[in-house]
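The values are calculated or read from the model by the stated rules, or taken from the named source; none is laboratory data. Predicted model only: the values in this text are computed from it and were never measured. Cβ placement follows ideal geometry from the backbone for every residue including glycine, while neighbour counts extend to all protein chains displayed.
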Amino acid sequence: MHTPNHSLQDKVVLITGTASGQGREAALRFAAVGARVIGCDVSEEGNLETRKQVEAAGGSIITMEPVNLADPVSARQWVEEAASIHGRIDVLYNNAARPHFADFETFPLDGWQFTIDNELNLVFYTTQAAWPFLKKQGGVIINTASTAGMTGSGYGGAAHAAAKAGVIGFTKHMAFEGAQFGIRVVSISPGVIETPGFVAWARDNPDEAKPLLAKNLIPRFGKPQDIAGVALFLASDDAAYITGDNIVVDGGRVSW
């Protein structure tokens, strides 16, 4: 049972990438404290399952699917439609991301562009669309970055590292731009998290997964709950003096 965070009661929270993993957990956690969650994803099946779980737990959520946020027109339409439902936006949680991994020497140009579109550009698109609504009463933007944007990624992750470094830089700049309007902007940099995709990869590639864990001070991989709890705090009034920061949640992976 989570302690209710009354500062988020009835707040309108837009979360991208709610069909699974960190996005689904965020939807569950924000709804559990009384937020009015609006989620989107490219996966219709996954998003409908998230809706079912949130409603079964007594929470409020509206999901829209499929929504391709890498398309600027679709991203703006989603934000504006979501804002029209309750007449405002209080929190924008830019969680959605889809990278392409490949050997650098032969990294395909379409794979590079796909990653930049689906890990960096989509954050710009949704943030720009939400900005006029957030300016009206202030609010919070939470961007999902990655430790890859700080230290580089593993094999094949050149585009992923570049995109996530861009998210961190964008976060810091937008905190400056938003300060005069009462908008806080922060990013979360997860380490290795047990998302459905990672779990499947680790099962099939145990020799590559094991060294990843060896770098952690906390001897386990992260879970979506570890990230959602931090996001919940950052969105709340308890974090009212935090902006422009990149919060690392990685089990001590990059701290030594």
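Some observations on this one:
- Selection from segment 13-40 of residues that are closer than 14 Å to VAL91 by Cβ, touching a Gly at 6+ places or on another chain (Cβ under 9 Å) and among the basic types (Lys, Arg): ARG29
- Any chance VAL42 is touching a helix residue (DSSP H, G or I) at 6+ places or on another chain (Cβ under 7 Å), among the aliphatic types (A, V, I, L, M) and either buried (at least 24 other Cβ atoms within 10 Å of the Cβ) or in contact (Cβ under 8 Å) with a residue 24 or more places away in the chain (or both): no
- Residue count, segment 99-127 (criterion: within 18 Å of SER187 (Cβ to Cβ) and either without any contact (Cβ under 8 Å) to a residue 40 or more places away in the chain or of a type in the set (Ser, Thr, Tyr) (or both)): 4
- Tallying residues that are modelled with pLDDT under 75, aromatic (Phe, Trp, Tyr) and over 16 Å from ILE227 (Cα atoms) within segment 180-215 yields 1.
- Counting only helices (runs of 4 or more DSSP H) wholly contained in segment 145-256, the ones carrying 2 or more residues that are crowded, with 20+ Cβ neighbours inside 10 Å occupy 148-151, 158-178, 224-235.
- One residue alone among SER60, SER84 is at pLDDT below 95, surrounded by fewer than 23 Cβ atoms within 10 Å (Cβ to Cβ) and more than 30 Å from VAL192 (Cβ to Cβ), and that residue is SER60.
- Output for segment 167-182, where each listed residue is within 20 Å of THR147 (Cα to Cα) and touching a Gly at 6+ places or on another chain (Cβ under 6 Å): ILE168, LYS172, ALA175
- Residue pairs meeting the criteria (Cβ under 8 Å; at least 6 apart or on separate chains; first more than 16 Å from THR127 (Cα to Cα), in segment 161-174; second surrounded by fewer than 18 Cβ atoms within 10 Å (Cβ to Cβ) and modelled with pLDDT of 95 or more): ALA165/MET150
- Checking segment 125-137 against the condition returns a match, with at least one residue being under 15 Å from VAL12 (Cα atoms), of a type in the set (Lys, Arg) and in contact with a Gly (Cβ under 9 Å, 6 or more places away or on another chain).
- Test set (1) within 18 Å of the chain's Cα centre (by Cα); (2) closer than 23 Å to PHE198 by Cα; (3) among the charged types (D, E, K, R) - GLU45 fails condition number: (1)
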